[in-house]
1. Quick check on this structure: which one of Met36, Met1 is within 27 Å of Ser308 (Cβ to Cβ) and either assigned by TED's automatic domain parsing to the domain that holds Val228 or out of contact with any Leu (no Cβ under 7 Å at 6 or more places or on another chain) (or both)?
2. Go through (1) small (Gly, Ala, Ser); (2) more than 26 Å from Leu195 (Cβ to Cβ); (3) crowded, with 17+ Cβ neighbours inside 10 Å for Ala386 and report which single condition fails.
3. Six or more apart or on different chains, Cβ under 7 Å: which pairs go from a residue in the range 378-395 that's assigned by TED's automatic domain parsing to the domain that holds Glu324 to one that's among the hydroxyl-bearing types (Ser, Thr, Tyr)? Could you list them?
4. Any residue that is among the charged types (D, E, K, R), part of a loop (DSSP other than H, G, I, E, B) and surrounded by 18 or more Cβ atoms within 10 Å (Cβ to Cβ) - is there at least one of those in the range 351-364?
5. Just need a number here: residues in the range 21-33 that are over 16 Å from Val215 (Cβ atoms) and surrounded by 12 or more Cβ atoms within 10 Å (Cβ to Cβ).
6. Across the range 46-90, what is the total count of residues that are among the hydrophobic types (A, V, I, L, M, F, W, C), farther than 14 Å from Gly235 by Cα, assigned to a loop (DSSP other than H, G, I, E, B) and touching a residue at least 60 places away in the same chain (Cβ under 8 Å)?
Amino acid sequence: MKNNTKLIRAGQNKKRNAGIVNTPVYHASTVVFDSMAHMLDAQDRNLKKREKNLFYGRRGTPTHWTLQEAISELECAADTFLTPSGLSACTISILGCVKAGGHILVTDSVYEPTRNFCDSFLSGFGVETTYYDPLIGAGIAALIKPNTAAVFCESPGSHTFEMQDLPAISKAAHAKSTPDQPIMVLTDNTWASPLFCQPLNLGCDVSIQAATKYVVGHSDAMVGTISVNDAALPGVANAMSAIGVTLGPDEAYLATRGLRTLAVRLKQHHFNALIVAEWLEKRPEVKRVLFPALPSDPGYEVWKRDCSGACGLMGVVFHRTSYEAITAMIDGMELFPLGFSWGGFESLIAPSNPSRIVARTARPWTEPAPGLRLHIGLEDPEDLIADLEKGLARFNQAL
């Protein structure tokens, strides 16, 4: 079955949903049982056999199971866990793989809040983090220590958009893995979404989505997903249970509804973004457009090998720039509101200065800053280009 068809059919269960196409929203905490035997059987099936059955609200309802099963099918995963945000999906995934006194390897291009979690929270438990060059590939093997428990990837990188060689990293890390010290490879796959890339098929153990972005698709719900293979399943399941994280049923419903139209939305995001990126490349002010789907991008060949499409998120680097010029451009935009996040139907704009956001240690960012981060939405690309052209005129005037 093709992914476009999976998006429509995955997770549907006519018997469980009494024939209803969209799984209803189950608001539940307490679940009552007919007898002690019934309760113990439900508990055993939920906790030991990991069957999806009603036991307690935090353990999930049909609203959650529909989304979990659909994401698992798209990700080719053994199971998927739902969390209240993309960041919580990142942090719980790490906690499911590492112990106190352990060591993890994290890409230098990682999402800033994930880096903050490693530097502040994890370090307080004696977990050491080493940041690596996102272009390291199989060279990751040289950084693995006897207590290394995980390699955390993000492809493409946050703000700087480097594509990582996930198959090479996974192969090298797993070659160093032992029964006493398994090494899990995790990747934040939010940019490509589970439609355009399946990291578990590339050798990774955990694929993480800020489903807040493209899965939800309408900028109205916060959701994280953690999809795991059999090797990573016990550790992540234990972390989820021990921490007590759960996702509200309304958010699960909105994510499932968004998932059904992911293919048509992402196709348009890709189409629009490529038109805008190609136009930006020709602008005299622009030094680089950071968008792996462009043939001129250094990560293009890796993107073409590992992904079946691209989203609408890109970066722009200028030859000359200043905060005054960036401010003049942003403050006058009509179709690019200034805001955090991305992945919704609307275009967005934000300043980008990777070296100011975090002090990269393995591969410092030396391009002129600030630049821009653009999310190309579902508006007509000609209108978006016209708005950007006016913005660049203000940019030039303020330099």
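The values are calculated or read from the model by the stated rules, or taken from the named source; none is laboratory data. Because the structure is a prediction, the values reported are computed rather than measured. When we count neighbours, we look across all protein chains shown, and the Cβ atoms used for this are built from the backbone with ideal geometry, even at glycine.
1. Numbers: Met36 fails: within 27 Å of Ser308 (Cβ to Cβ).
Within the list Met36, Met1, the selection yields Met1.
2. (3)
3. Once the first residue is assigned by TED's automatic domain parsing to the domain that holds Glu324 and sits in the range 378-395, its partners that are among the hydroxyl-bearing types (Ser, Thr, Tyr) give Glu379/Ser347; Leu384/Ser347.
4. yes
5. 6
6. Result for the range 46-90: 2.
One line per residue, one yes/no per condition, for (1) small (Gly, Ala, Ser); (2) closer than 30 Å to Glu367 by Cβ:
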| site | (1), (2) |
| --- | --- |
| Leu233 | no, no |
| Val236 | no, no |
| Ala255 | yes, no |
| His269 | no, yes |
| Arg283 | no, yes |
| Gly299 | yes, yes |
| Trp303 | no, yes |
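Yes/no matrix, rows are residues, columns are (1) within 29 Å of Glu367 (Cβ to Cβ); (2) assigned to a helix (DSSP H, G or I); (3) of a type in the set (Gly, Ala, Ser):
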site	(1), (2), (3)
Ile92	no, yes, no
Cys97	no, no, no
Tyr131	yes, no, no
Leu135	yes, no, no
Ala138	yes, yes, yes
Lys145	no, no, no
Ile169	yes, yes, no
